[in-house]
Structures are given as C-alpha cells and as structure tokens.
1. State whether the residues of region 30-41 include one that is in contact (Cβ under 8 Å) with a residue 40 or more places away in the chain, among the charged types (D, E, K, R) and out of contact with any Phe, Trp or Tyr (no Cβ under 6 Å at 6 or more places or on another chain).
2. Exactly one condition in (1) closer than 25 Å to W61 by Cα; (2) out of contact with any Ser or Thr (no Cβ under 7 Å at 6 or more places or on another chain); (3) surrounded by fewer than 20 Cβ atoms within 10 Å (Cβ to Cβ); (4) aliphatic (A, V, I, L, M) is not met by A237; state its number.
3. From the list G119, G172, G158, G127, pick out the single residue that is buried (at least 24 other Cβ atoms within 10 Å of the Cβ), in a loop (DSSP other than H, G, I, E, B) and of a type outside the set (S, T, Y).
4. Quick one: is K54 under 21 Å from T9 (Cβ atoms), part of a helix (DSSP H, G or I) and modelled with pLDDT of 95 or more?
5. Go through region 205-313 and tell me which strands (runs of 3 or more DSSP E), entirely inside it, have 2 or more residues that are under 21 Å from G158 (Cα atoms) and touching a residue at least 40 places away in the same chain (Cβ under 8 Å).
6. Going by the structure shown, is L245 farther than 16 Å from A80 by Cα, surrounded by 15 or more Cβ atoms within 10 Å (Cβ to Cβ) and of a type outside the set (S, T, N, Q)?
7. Answer yes or no as to whether P70 is over 20 Å from H163 (Cβ atoms), surrounded by fewer than 20 Cβ atoms within 10 Å (Cβ to Cβ), touching a strand residue (DSSP E or B) at 6+ places or on another chain (Cβ under 8 Å) and modelled with pLDDT of 95 or more.
8. Condition first: crowded, with 24+ Cβ neighbours inside 10 Å, among the hydrophobic types (A, V, I, L, M, F, W, C) and out of contact with any Pro (no Cβ under 8 Å at 6 or more places or on another chain). Now tell me which residues in region 27-45 satisfy that.
Amino acid sequence: MSDNNSKLTLLIDTDPGVDDALALMMAHRYADVVGLTIAAGNVGLGHTVRNALKLCEMGGWSTPVYPGCPEPMLHPAPDAAFVHGQDGFGDVGYLPPTAQARTEHAALAIIREAKTRPGELTLVALGPLTNVALALQLEPELPSLFKRLLIMGGAVTGRGNTHRVPAEFNIGFDPEAAAVVFSRWPEFDLVDWEATVRHAIPYPSMDRWLDTDHPLTSFYGAISGTARRFTKDHGRAGFLAADALAMAIVLRPELVERMERHHVAVETAGEHCRGATVVDWEDRLGRKPNASIVLSIDQGGFEDLLASTLEAG
C-alpha cells in the first residue's frame, strides 16, 4: 500500500468521537485532507472541535478545523458521551490543543471548498448531517460540485443503536438534517450501523495493533479505552468502529464485496420510528435510487488497513 494517494482529496464532516478519530488517522495517512468541518453529535460542539484540534496536533497535521452547528436543526437530542466519555475522547485529561479553530462556519467552508475544487473533492460525512444539510440549503447545487458523498449512518433493516429502536445514532441525532440530504443529494454511498456490526474488529487484533510506542497510536489507545470497554461489556464480538469502516471504503473502494442501490428516505416523525432509514428494498415506490448501500466488505483487507494505520502511528 502506498502511504500517499495524491489523487484522493477529502473534506470530512465529523463529530470526534473515538471511531471518528481512527477514521481521521486513516484519512491523513492515505489521502489529502483539505479540512475538517465539525458538528455536535457524539458530544457537544466545544468538545468535538477541541478533539479535532488535539488529534491534528498529535498527528502533526496542518488540516484546518471549522466549527459548525452546535445542535440539531429542530429538536435537541442526547449525545453519546456514555460510549465515548464526557469529553468524547475517553476522559483521559489530555492537555488542551495549542492551535485554534478557524472562524469560518463549517457549512460555509463546505460550500467554499466545493466551489474552489469543483468535481475534485470527496465529502465524507461521519457524524450527524446538520452541517451538510445547512450547506445544501444555502447552495442547492452542492451535489454537482462534489465528486462523491459517502455517509456513515442509518440502520437499513431497522436494527439501530438508539432508544428509538430502528434509528442509528447519526441519523437519529438530527433526522431533519438527514432528510434534507437524503432527499436532495441525487446519489451517495451509505455505510450503515448494521454493516459495522457485521465487520467488528477482533479485540486481540486491536490490542496487538495498539501495542506500539508511536505517540499518535498511544494517544488513540488511551482515548479509545472507554469505548472499547463499553463495546466488550455489552457483549459485542469485537470493537465496533463505524467511521473507520466508512473511511476504509472511501480509501479502498475495491474492498466492497456487495453493494445494492435503492431509494432510502428518513422518517422524521413517530415516537418509536423517528430517525429510521427506510429502504425500498424491492423498488416498489418507483423512486429513483439515491443510495448505494454497502452490505459486505473484505474483512481481511479492512483489518490490514487498520493495522497499517495504527502500527505506523
């Protein structure tokens, strides 16, 4: 594997978050990252911005960080601090980052970067879609300016991971934003929570990869401890790294073994179903497919990519 892929240029919308951090390590190792646009989600915006800045500092990356929306478009939503730690990075008490975030709003940065590099950028959405939806409302032509959009979100057969049973966290945190993006972005790739569960990372492998003196990998090992313990304590067969799985597919599309194209919509109402991703699996509604749903990838190739990232720091 080459350590440099100059042809792949990414803009990443994210809410770091432990699995986001692993995905960002992968992205910076194997692609050109032009910016990080930050949303609230896993924890509040103050923490997600600080976490992005700290990770850039630890990685020696000069990637600009743009703060975005501090809350969902319409309704407040609970975060995932119980998984990631109250600060989103395992509550290890790291020293504050020395760099400052940019003053430009994330949604405006998304529009500016797209217009500066039309047709060149892949937009990778790893968190709630609030920033992307706002950018799309401000610039309706946004989809034509990006080369590709990949979304980590949804639970395509209703086995979600939130208090609303069918809803996955990213979509469930801001269903209105997700509905805007899903309805107005003509074609995107979707990596959902159920694929993440199918592609869990064996605990012994993670432990082996994290056994290194490299400062960045050691930092990741520390901040991910809370999430790794949570996953194990809740009976999962392996560590679940949704954003890392999504990033692997961005970086290595050839890892995809099975993908299906269907129309996917987002439910924005209902006590039990708000935030659900509804897939027209049999194409009965006559609507044009908007999502390429990743169903299976090469597990060995995914783990090799993780190993090469973590072992090299």
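1. No - not one qualifying residue is present in region 30-41.
2. (1)
3. On the way: G119 fails: buried (at least 24 other Cβ atoms within 10 Å of the Cβ); G172 fails: in a loop (DSSP other than H, G, I, E, B); G158 fails: buried (at least 24 other Cβ atoms within 10 Å of the Cβ).
Testing whether each residue is buried (at least 24 other Cβ atoms within 10 Å of the Cβ), in a loop (DSSP other than H, G, I, E, B) and of a type outside the set (S, T, Y) leaves just G127.
4. No, not satisfied.
5. On the way: elements: 256-262, 264-266, 277-279, 291-297.
Qualifying strands (runs of 3 or more DSSP E): 264-266, 277-279, 291-297.
6. yes
7. Answer is no for this residue.
8. A27
The values are calculated or read from the model by the stated rules, or taken from the named source; none is laboratory data. Not measured: the values here are computed from a predicted model. With ideal geometry, Cβ positions are generated from the backbone for all residues, glycine too; neighbour counts draw on all protein chains shown.
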